[in-house]
Amino acid sequence: QVQLVESGGGLVQPGGSLRLSCVVFGSIFRLNNMAWYRQAPGKQQRELVATITSGGSTNYPDSVEGRFTISRDNAKNTVYLQMNSLKPEDTAVYYCNADVLRWGAGLLKGYAYWGQGTQVTVSS
(Lines give C-alpha, C1' and ligand atoms only; values in the text may rest on other atoms or scores of the structure.)
Protein backbone atom coordinates (compact mmCIF):
# COMPACT_ATOMS: atom_id res chain seq x y z
CA GLN A 1 0.00 0.00 0.00
CA VAL A 2 1.39 3.38 -1.05
CA GLN A 3 0.04 6.64 0.30
CA LEU A 4 0.85 10.27 -0.48
CA VAL A 5 0.26 12.75 2.32
CA GLU A 6 0.30 16.48 1.57
CA SER A 7 0.58 19.35 4.01
CA GLY A 8 1.29 23.07 4.11
CA GLY A 9 -1.83 24.55 2.55
CA GLY A 10 -3.73 27.44 4.06
CA LEU A 11 -4.91 31.03 3.70
CA VAL A 12 -2.38 33.63 2.57
CA GLN A 13 -2.58 37.22 1.39
CA PRO A 14 -1.68 38.17 -2.18
CA GLY A 15 2.07 38.45 -2.51
CA GLY A 16 2.63 35.98 0.27
CA SER A 17 4.33 32.58 0.28
CA LEU A 18 3.51 29.00 1.17
CA ARG A 19 5.49 25.77 1.09
CA LEU A 20 3.69 22.53 0.37
CA SER A 21 5.10 19.11 1.26
CA CYS A 22 4.17 15.65 0.05
CA VAL A 23 5.53 12.50 1.68
CA VAL A 24 5.31 9.11 0.02
CA PHE A 25 4.62 6.32 2.50
CA GLY A 26 4.75 2.61 1.79
CA SER A 27 6.98 -0.03 0.32
CA ILE A 28 8.41 1.18 -2.98
CA PHE A 29 11.35 0.15 -5.15
CA ARG A 30 12.00 3.55 -6.67
CA LEU A 31 10.37 6.95 -6.80
CA ASN A 32 10.46 8.32 -10.34
CA ASN A 33 8.87 11.55 -11.60
CA MET A 34 6.89 13.63 -9.16
CA ALA A 35 4.56 16.52 -9.81
CA TRP A 36 2.15 19.01 -8.36
CA TYR A 37 -1.25 19.70 -9.91
CA ARG A 38 -4.03 22.03 -8.89
CA GLN A 39 -7.77 22.22 -9.39
CA ALA A 40 -9.30 25.66 -9.16
CA PRO A 41 -12.86 26.26 -7.90
CA GLY A 42 -15.43 25.48 -10.58
CA LYS A 43 -12.87 23.82 -12.86
CA GLN A 44 -13.25 20.16 -13.74
CA GLN A 45 -9.69 19.54 -14.87
CA ARG A 46 -6.52 19.58 -12.87
CA GLU A 47 -3.74 21.87 -14.09
CA LEU A 48 -0.12 20.74 -14.05
CA VAL A 49 1.86 23.15 -11.88
CA ALA A 50 5.35 21.67 -11.66
CA THR A 51 7.25 18.49 -12.40
CA ILE A 52 10.56 17.08 -11.20
CA THR A 53 12.39 14.00 -12.45
CA SER A 54 14.30 11.55 -10.29
CA GLY A 55 17.45 13.36 -11.40
CA GLY A 56 16.15 16.76 -10.35
CA SER A 57 15.17 18.30 -13.69
CA THR A 58 12.19 20.61 -13.32
CA ASN A 59 9.53 22.09 -15.55
CA TYR A 60 6.82 24.71 -15.03
CA PRO A 61 3.99 26.26 -17.05
CA ASP A 62 4.21 29.98 -17.81
CA SER A 63 1.52 30.72 -15.20
CA VAL A 64 3.88 29.86 -12.30
CA GLU A 65 7.35 30.11 -13.86
CA GLY A 66 9.59 32.27 -11.68
CA ARG A 67 7.22 32.14 -8.71
CA PHE A 68 6.99 28.44 -7.86
CA THR A 69 9.87 26.04 -7.19
CA ILE A 70 9.58 22.28 -6.97
CA SER A 71 12.23 20.25 -5.17
CA ARG A 72 12.63 16.79 -3.71
CA ASP A 73 14.46 14.94 -0.98
CA ASN A 74 14.91 11.38 -2.21
CA ALA A 75 16.15 10.18 1.17
CA LYS A 76 12.86 11.26 2.71
CA ASN A 77 10.61 10.32 -0.26
CA THR A 78 9.34 13.87 -0.14
CA VAL A 79 8.56 16.52 -2.74
CA TYR A 80 8.10 20.20 -1.98
CA LEU A 81 6.47 23.14 -3.71
CA GLN A 82 7.67 26.58 -2.68
CA MET A 83 5.13 29.16 -3.82
CA ASN A 84 6.08 32.84 -3.77
CA SER A 85 4.34 36.00 -4.95
CA LEU A 86 1.01 34.24 -4.68
CA LYS A 87 -1.98 35.63 -6.57
CA PRO A 88 -5.72 35.15 -6.04
CA GLU A 89 -5.80 33.06 -9.22
CA ASP A 90 -3.48 30.55 -7.51
CA THR A 91 -6.38 29.60 -5.24
CA ALA A 92 -7.02 25.89 -5.70
CA VAL A 93 -6.72 22.46 -4.19
CA TYR A 94 -3.15 21.31 -4.78
CA TYR A 95 -2.46 17.62 -5.42
CA CYS A 96 0.77 15.69 -5.33
CA ASN A 97 1.40 13.00 -7.95
CA ALA A 98 4.10 10.35 -7.93
CA ASP A 99 5.26 7.72 -10.41
CA VAL A 100 6.42 4.77 -8.38
CA LEU A 101 8.13 1.50 -9.17
CA ARG A 102 6.99 -1.22 -6.79
CA TRP A 103 6.59 -4.95 -6.61
CA GLY A 104 3.13 -6.22 -7.42
CA ALA A 105 2.20 -9.89 -7.87
CA GLY A 106 5.86 -10.79 -8.16
CA LEU A 107 6.54 -8.21 -10.86
CA LEU A 108 8.26 -4.83 -10.73
CA LYS A 109 5.75 -2.41 -12.23
CA GLY A 110 5.08 1.30 -12.47
CA TYR A 111 2.14 2.88 -10.69
CA ALA A 112 0.85 6.44 -10.41
CA TYR A 113 -0.47 7.71 -7.10
CA TRP A 114 -2.25 10.85 -5.98
CA GLY A 115 -2.43 12.62 -2.67
CA GLN A 116 -5.68 13.72 -1.07
CA GLY A 117 -5.11 17.39 -1.84
CA THR A 118 -4.43 20.47 0.25
CA GLN A 119 -6.36 23.73 -0.03
CA VAL A 120 -4.51 26.93 -0.89
CA THR A 121 -6.50 30.15 -0.68
CA VAL A 122 -4.99 33.48 -1.70
CA SER A 123 -7.15 36.35 -0.51
CA SER A 124 -6.94 39.64 1.33
Open item on the list: I'd like the carbon and sulfur percentage of the solvent accessible area for the chain, probe radius 1.4 Å, heavy atoms only, ligands and nucleic acids excluded.
Closed with: 47
Task: Local electrostatic count, residue 83, Cβ distance below 9 Å [Lys/Arg +1, Asp/Glu -1] - done: +1
Open item on the list: With just the Cα atoms defining each centre, how far is segment 27-76 from segment 77-124? Give it in Å.
Closed with: 7
- [ ] Taking only protein heavy atoms into account and a 1.4 Å probe, give the accessible area per residue of the chain in Å².
- [x] 54
Task: Calculated over the chain: convex hull of Cα atoms, volume per residue (Å³) - done: 98
Task: Reachable lysines, given that their alpha-carbon falls under 20 Å from the alpha-carbon of residue 87 and they are not under 8 places away in the same chain - done: 43
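The values are calculated or read from the model by the stated rules, or taken from the named source; none is laboratory data. Since the model is a prediction, treat every value here as computed from it, not as a measurement. Every residue, glycine among them, receives a Cβ derived from its backbone with ideal geometry; neighbour counts consider all protein chains shown. Side chains are part of the model used for accessible areas, which takes the heavy atoms of the whole protein and leaves out ligands, DNA and RNA. Shrake-Rupley method; radii C 1.70, N 1.55, O 1.52, S 1.80 Å.
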